[in-house]
Amino acid sequence: MFAQMLAGNVPLAFNCSAGKDRTGIAAALILTALGVPRATVIADYAATYRYLDTAKLMSLAKAPANMAVKSGDKIASPGAMMRDMSAGAMRAILAADPRYIKAALAVLDQHRNGAAGYLSDELGVSQADVANLRRMYLER
């Protein structure tokens with residue numbers, strides 16, 4: 001994702017099934033690299049509540065248990081994992097609770113040299129890369 005941004009291959013689309021977990025982490029990493037204040041990163045994640053159609057996602061639990069793929073193999077339907085969950089567990093999984101992103105960001109903070117160290121050590125995004133991203137994507 002960062003390599004694509006550094007190469008100027010934007011706009012960049014990234015997603016996950018509910019649009020809040022992997023997508024939320026990816027967005028938080030980008031915003032953090034760009035130096036966006038933590039409160040704004042958390043508010044951006046929490047904005048998911050305005051756009052996530054939880055009723056539609058909960059209805060996936062009623063989808064057929066398996067669906068065929070081209071090879072004839074069976075794979076679980078998107079809602080199959082939720083089929084046996086309690087309503088409370090399902091709501092927790094579908095929630096975009098700010099505590100979730102705060103916990104993920106705490107991992108960055110605990111890393112040696114904080115978020116900058118995490119970006120560098122774990123994702124290969126150097127300080128020079130961060131400077132380039134900021135130059136490329138922030139309005140001056």
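The values are calculated or read from the model by the stated rules, or taken from the named source; none is laboratory data. Keep in mind that what you see is a predicted model, and the values were worked out from it rather than measured. For neighbour counting, all protein chains shown are included, and Cβ atoms are generated from backbone atoms with ideal geometry for every residue, glycine included.
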| For residue 132, which of the numbered conditions (1) loosely packed, with under 12 Cβ neighbours inside 10 Å; (2) assigned to a helix (DSSP H, G or I) fails to hold? | (1)
| query | Given 81, 90, which one is modelled with pLDDT of 75 or more, part of a helix (DSSP H, G or I) and farther than 22 Å from residue 133 by Cα? | reply | 90
| Can you name the residue in the stretch 93-140 that is at pLDDT 90 or above and of a type in the set (Lys, Arg) and, of all such residues, is farthest from residue 21 (Cα to Cα)? | 135
| Of the residues in the stretch 4-42, how many are free of Cβ contacts under 8 Å to residues at least 24 places away in the same chain and assigned to a helix (DSSP H, G or I)? | 7
| request: Tell me, yes or no, whether the stretch 50-58 has at least one residue that is modelled with pLDDT of 95 or more and in contact with a Leu (Cβ under 6 Å, 6 or more places away or on another chain). | output: no
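Residue by residue, here is whether (1) modelled with pLDDT of 95 or more; (2) buried (at least 16 other Cβ atoms within 10 Å of the Cβ) holds:
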{"position": "13", "(1), (2)": "no, no"}
{"position": "18", "(1), (2)": "no, yes"}
{"position": "23", "(1), (2)": "no, yes"}
{"position": "33", "(1), (2)": "yes, yes"}
